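Some notes on the structure that comes next.
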Amino acid sequence: MINKNNIPSHVAIIMDGNGRWANQKGLLRAIGHQGGVEAVRDTVEGAAEIGVKYLTLYAFSTENWSRPKEEVDALMELLVQAINDETKTLNDNNIRLLAIGDIDALPEKCRNKLNETIHSTSENSRMTLILALSYSSKWEITRAFNLMLCDFKAGKLSGTIYPEIVDQYLTTAGIPDPDLLIRTSGEYRISNFLLWQIAYSELFFTETLWPDFRRQHLFEAIEDYQKRERRFGKTGDQINNSI
Ligand code: FPP
């Protein structure tokens with residue numbers, strides 16, 4: 001049973017296994033990605049229903065640009081279509097859309113659709129859905145260094161850099177760090193995702209391939225999360241005595 005008083009505020013997911021799911025069924029990889037959209041739909045609804053406030057989905061990494069052109073094109077097309085189809089549902093469910101990553105690198109059609117939906121959902125407050133697109137953590141951290149350097153040269157930044165200052169230069173500025181990170185498909189890697197932000201996140205790995213992932217899998221991960229003791233570097237006694 002899920003304890004409604006201990007829902008992770010921010011859940012991040014590395015959606016993996018679309019290609020293998022399709023291969024196992026003798027289908028094209030693009031069909032696997034279509035199956036992935038179904039999983040996204042159910043997971044987003046489930047997250048909002050249970051009271052998650054922020055859901056971040058790793059939809060396309062910086063490294064994914066080096067996949068065959070047909071697959072990249074199909075993914076971008078799918079993204080435009082999915083955002084287009086889901087905008088009404090996002091608004092009906094009071095969900096705000098945001099994106100992190102090198103959005104300028106996306107095809108114009110994709111960028112425009114994304115910005116349109118980000119704008120039309122900007123007042124929604126039940127949950128924030130964050131799509132990581134053309135995102136990688138090393139890209140983001142390098143970008144933050146460069147922005148800090150610019151501000152330093154312009155006299156807008158001086159003295160000592162603290163972690164809270166670094167936070168403000170990341171694409172996730174203003175978004176709390178993930179409490180729970182889920183990766184599907186039986187791979188045990190972080191793959192350049194939110195490296196700074198997951199310093200104290202609980203990690204959950206599942207064998208389920210992303211197109212098979214549904215809200216009940218999310219709820220299982222949350223139940224598992226609720227059994228953990230989050231110590232943030234302190235001792236168990238310190239945590240228990242402070243309650
Ligand atoms: C990983 O599976 C999945 C991706 C690279 C793309 C994820 C995209 C979607 C689920 C569809 C669009 C998303 C939204 C937010 C509407 P893989 O291709 O790496 O699978 P494999 O490791 O089995 O080859």
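The values are calculated or read from the model by the stated rules, or taken from the named source; none is laboratory data. Remember, it's a predicted structure, so these values are computed and weren't measured experimentally. Heads up, the Cβs are rebuilt from the backbone with ideal geometry, glycines too, and the neighbour counts pull from every protein chain shown.
Taking region 1-60 as the range and being farther than 25 Å from Ser201 by Cα and of a type in the set (Gly, Ala, Ser) as the test, the residues that pass are Gly19, Ala22, Gly26, Ala30, Gly32, Gly35. I'm checking my understanding of the structure. Among residues of region 187-220 that are aliphatic (A, V, I, L, M) and out of contact with any Ser or Thr (no Cβ under 7 Å at 6 or more places or on another chain), which one is farthest from the ligand (Cβ to nearest atom)? Result: Ala199.
For Glu223, state whether it is out of contact with any Pro (no Cβ under 6 Å at 6 or more places or on another chain), assigned to a loop (DSSP other than H, G, I, E, B) and among the acidic types (Asp, Glu).
On the way: out of contact with any Pro (no Cβ under 6 Å at 6 or more places or on another chain): yes; assigned to a loop (DSSP other than H, G, I, E, B): no; among the acidic types (Asp, Glu): yes.
So Glu223 does not fit the description; no.
Which condition number does Arg41 fail, the rest of (1) under 27 Å from Pro176 (Cβ atoms); (2) away from the ligand (no atom under 12 Å from the Cβ); (3) not acidic (Asp, Glu) being met? Unmet condition: (2).
Name the residue that is nearest to Ala82 (Cα to Cα), counting only residues in region 133-169 that are of a type in the set (Ser, Thr, Tyr) and touching a Phe, Trp or Tyr at 6+ places or on another chain (Cβ under 9 Å).
Start the filter on region 133-169 by keeping residues that are of a type in the set (Ser, Thr, Tyr), which leaves 134-137, 142, 158, 160, 162, 169.
Cutting the leftovers down to touching a Phe, Trp or Tyr at 6+ places or on another chain (Cβ under 9 Å) gives us 134-137, 158, 169.
Numbers: Ser134: 17, Tyr135: 19, Ser136: 22, Ser137: 25, Ser158: 44, Tyr169: 30 Å.
Taking the candidates together, the pick is Ser134.
Would you confirm, using the coordinates I've provided, whether Thr89 is at pLDDT below 95, closer than 20 Å to Ala48 by Cβ and surrounded by fewer than 18 Cβ atoms within 10 Å (Cβ to Cβ)? Talk me through it step by step, then tell me what you get.
Details: at pLDDT below 95: yes; closer than 20 Å to Ala48 by Cβ: yes; surrounded by fewer than 18 Cβ atoms within 10 Å (Cβ to Cβ): yes.
Judged against the criteria, Thr89 is a match.
If you go through region 127-144 and keep only what is more than 17 Å from the chain's Cα centre (by Cα), of a type outside the set (Gly, Ala, Ser) and surrounded by 13 or more Cβ atoms within 10 Å (Cβ to Cβ), you end up with just Arg143. Across region 39-88, the qualifying residues are those that are in contact with a Pro (Cβ under 8 Å, 6 or more places away or on another chain) and assigned to a helix (DSSP H, G or I), and the one among them that is farthest from Ile198 (Cα to Cα) is Met76. On the basis of being more than 15 Å from the ligand (Cβ to nearest atom) and without any contact (Cβ under 8 Å) to a residue 60 or more places away in the chain, does Asn23 make the cut? Judged against the criteria, Asn23 is not a match.
Contact map, region 68-86: first residue within 17 Å of Leu57 (Cα to Cα), second residue exposed (fewer than 13 other Cβ atoms within 10 Å of the Cβ) and at pLDDT 95 or above, Cβ cut-off under 8 Å, separation 6 or more or different chains; pairs are Met76/Lys109; Val80/Lys109. A residue that is on the phi < 0 side of the Ramachandran plot, of a type in the set (A, V, I, L, M, F, W, C), away from the ligand (no atom under 11 Å from the Cβ) and surrounded by 16 or more Cβ atoms within 10 Å (Cβ to Cβ) occurs somewhere in region 52-70. Restricting to region 1-20, what's the tally of residues that are touching an Asp or Glu at 6+ places or on another chain (Cβ under 9 Å), of a type outside the set (A, V, I, L, M, F, W, C) and within 12 Å of the ligand (Cβ to nearest atom)? Of the residues in region 1-20, 3 are touching an Asp or Glu at 6+ places or on another chain (Cβ under 9 Å), of a type outside the set (A, V, I, L, M, F, W, C) and within 12 Å of the ligand (Cβ to nearest atom). When Glu220 is tested against the conditions (1) touching a helix residue (DSSP H, G or I) at 6+ places or on another chain (Cβ under 6 Å); (2) within 29 Å of Gln24 (Cβ to Cβ), the lone failure is (1). For region 13-50, taking the residues that are closer than 18 Å to Ser125 by Cα and among the small types (Gly, Ala, Ser), the one that is surrounded by the most Cβ atoms within 10 Å (Cβ to Cβ) is identified as Ala47.
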